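Notes for the one structure printed next.
The values are calculated or read from the model by the stated rules, or taken from the named source; none is laboratory data. In this text, all values refer to a predicted model and were calculated from it rather than measured experimentally. So basically every Cβ, Gly included, is an ideal-geometry build from the backbone, and we count neighbours across all protein chains shown. All accessible areas refer to the heavy atoms of the entire protein, side chains included, with ligands and DNA or RNA removed. Shrake-Rupley method; radii C 1.70, N 1.55, O 1.52, S 1.80 Å.
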Amino acid sequence: MSIQKTGSFQGMKSLNRSIILNSIRVHGMISRSEIAKETRLTPPTVTNIVAELILANLVVERRPGTSNGGRKPILLAINADSRFIIGVDVGVKKVRLALTNLNAEVSMRRTEELPSGLNEGGFLLFLKEIVSKFKQEIEKGVQEKIIGIGVAMHGIVDHTSGIAIHAPTLKLENVPVKEALEETFSLPVRVENDAKALALGEKWFGVGKDMDHFFCLNVGEGIGGGLVQSGQLVHGNDSLAGEIGHTVVDLRGPVCSCGNRGCLEAFSSGNALKFKGKQLMNAGKAPKLTEKLRETLSPISGKIIYECAVEGDTVSREILEEAGEYLGIGILNLIHLINPQMIILGGGVSQASNFLLKPINEVVSARALSDRAKKTEIVVSKLGEEGSLIGAVTLVLSELFSHEY
Ligand SMILES: [Zn+2]
């Protein structure tokens with residue numbers, strides 16, 4: 001299959017091509033001789049493959065600056081706008097869509113409300129419809145340059161078959177997302193759990209860029225996680241690795257969305273915050289929250305609790321701090337289990353980090369086993385609300401650039 005044929009990268013998937021492409025991507029700009037040195041490929045091999053990549057418009061030559069008095073070196077760079085990717089992030093209530101170039105720079109985005117109560121067939125139909133509508137809105141010339149669709153999906157996902165095995169909140173089982181989208185759009189499709197996609201996005205474009213061992217916690221309506229070890233996402237035996245939200249932090253704690261009792265998710269997720277807020281309001285112990293909901297005519301949410309905390313409400317601040325304390329316990333367990341360089345917090349709840357980080361750090365520094373473990377860096381994702389979406393795009397990019405994923 002020809003490498004020039006857009007929409008298919010079978011031809012680009014040779015090991016050496018991926019290695020060279022990735023070397024150019026990581027460096028931003030690099031010369032042929034530096035690539036040869038770094039990759040240990042022979043200079044003629046590098047020259048030949050680079051010629052193919054230039055012909056395919058994936059790589060361009062640049063002549064920036066001057067070398068020391070000599071000839072200006074010719075450097076190679078990724079031609080970021082030569083290919084495009086559609087990213088899809090399937091949440092519990094919303095589906096976000098984005099069009100990006102090879103640098104994951106978003107040029108178009110849409111958000112669609114996910115209708116509730118869909119069965120497996122209905123969900124696939126909806127997904128196909130919104131992706132199709134989104135694609136049709138893309139300029140014709142760009143449409144032809146789309147090389148794949150990446151889907152980040154809530155729940156347990158088998159990333160090899162692209163089947164959403166179990167999406168508890170949507171009450172869906174065994175949805176063949178990859179197969180259905182590939183059939184409809186004739187493009188390669190990658191599907192991954194949203195927190196794992198986020199972790200991959202962090203590795204490529206976020207704070208995890210220079211890290212080889214880190215864990216990414218996605219704290220939104222639920223809590224998910226993605227483990228990166230030796231630079232690679234870890235899936236475990238059955239795609240379950242990283243499900244930190246359903247590790248138990250209190251045997252007799254509240255019932256979780258999964259049906260078990262005392263999961264971390266039942267204490268620190270957006271849903272848990274809502275539940276706690278409601279409980280306190282019903283008991284007449286959260287007057288400020290009650291007043292705020294009446295004023296804004298909005299339902300209770302993690303965001304409202306955060307806003308009240310910012311406005312100085314002690315009850316709301318305590319709700320967040322308690323959630324932070326439990327997150328700290330979850331993170332402490334992680335530190336002892338995998339000893340990561342860094343913990344990255346993403347998802348909506350992480351936006352309340354000014355209230356969460358202090359209790360998290362207090363738990364870790366009081367209880368971690370070694371001095372170095374006590375100082376494990378805990379940071380907030382900089383990819384923001386679109387983290388999983390960028391991760392979805394990265395699923396496709398990693399297919400193009402990396403031979404390892
Ligand atoms: Zn659970």
Could you give the distance between the Cα centres of segment 94-135 and segment 228-278, to the whole Å?
-> 26
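Accessible area per residue of the chain at 1.4 Å probe, in Å²?
Values: 18910 Å² over 405 residues.
Accessible surface, normalised per residue, equals 47 Å².
With the cut-off at 1.5 for a/c, could you classify segment 10-81 from its C-alpha gyration tensor as rounded, prolate or oblate? Please report the intermediate quantities before stating the final value.
Values: a/c = 2.03, a/b = 1.47, b/c = 1.38.
It is prolate, given that a/c is not under 1.5 and a/b is the larger ratio.
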Calculated from DSSP helices alone, with each H run of at least 4 adding -39500 (n - 2.57) and the total divided by the residues of the chain, [θ]222 nm to the nearest 500 comes to -13000 deg cm²/dmol
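Could you tell me the calculated FRET efficiency between SER186 and LYS285, based on Cβ-Cβ distance and R0 = 56 angstrom, to the nearest 0.05?
Values: r = 57 Å, r/R0 = 1.02.
Efficiency, rounded to the nearest 0.05: 0.45.
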Bins of 5 Å from zero: percent of alpha-carbon pairs in segment 29-153 | 2, 9, 16, 15, 12, 11, 9, 8, 7, 5, 3, 1, 0, 0
Percentage of Cα-Cα pair distances in the chain greater than 38 Å, rounded to whole percent?
-> 26
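Hull surface divided by four, with the convex hull built on the Cα atoms of segment 305-393: how many nm²? Please report the intermediate quantities before stating the final value.
On the way: hull surface 24.8 nm².
Approximately 6.2 nm², given one-decimal rounding.
Based on DSSP, what percent of beta bridges with both residues in the chain are antiparallel, to the nearest 5?
Values: 35 of 56 bridges.
The antiparallel fraction comes to roughly 60 percent.
Scanning the chain for helices, which whole DSSP H stretches are 27 Å or more long along the axis (Cα) and average 0.5 or more by Kyte-Doolittle?
Working: long enough: 314-338 (35 Å, 0.73).
Membrane-span-like by this rule: 314-338.
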On full extension of the chain, what length is gained from VAL106 through VAL60, given 0.36 nm per residue of separation minus the C-alpha to C-alpha distance?
-> 14.5 nm
Which order do the peptides 192-203, 209-220, 275-286 take when ranked by the mean count of other beta-carbon atoms within 10 Å per residue, highest first?
-> 192-203, 209-220, 275-286
Packing-based order for 72-79, 146-153, 132-139, using average beta carbon neighbours within 10 Å, highest first | 146-153, 72-79, 132-139
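Of the heavy-atom accessible surface of segment 209-382 (probe 1.4 angstrom), what whole percent is carbon and sulfur?
Numbers: 4310 of 8670 Å².
Taking all protein chains in place, segment 209-382 shows 50 percent carbon and sulfur surface.
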Shape descriptors of segment 209-382 over alpha-carbon atoms, Rg and Dmax in angstrom, are 16.4, 50
Select from LEU273, VAL60, VAL106 the residue farthest towards the positive end of the dipole of the chain; place +1 on Cβ of Lys and Arg, -1 on Cβ of Asp and Glu, and compute about the Cα centre.
-> VAL60
Round to a whole number: what % of the accessible area of segment 14-86 belongs to carbon and sulfur, probe 1.4 Å?
-> 51
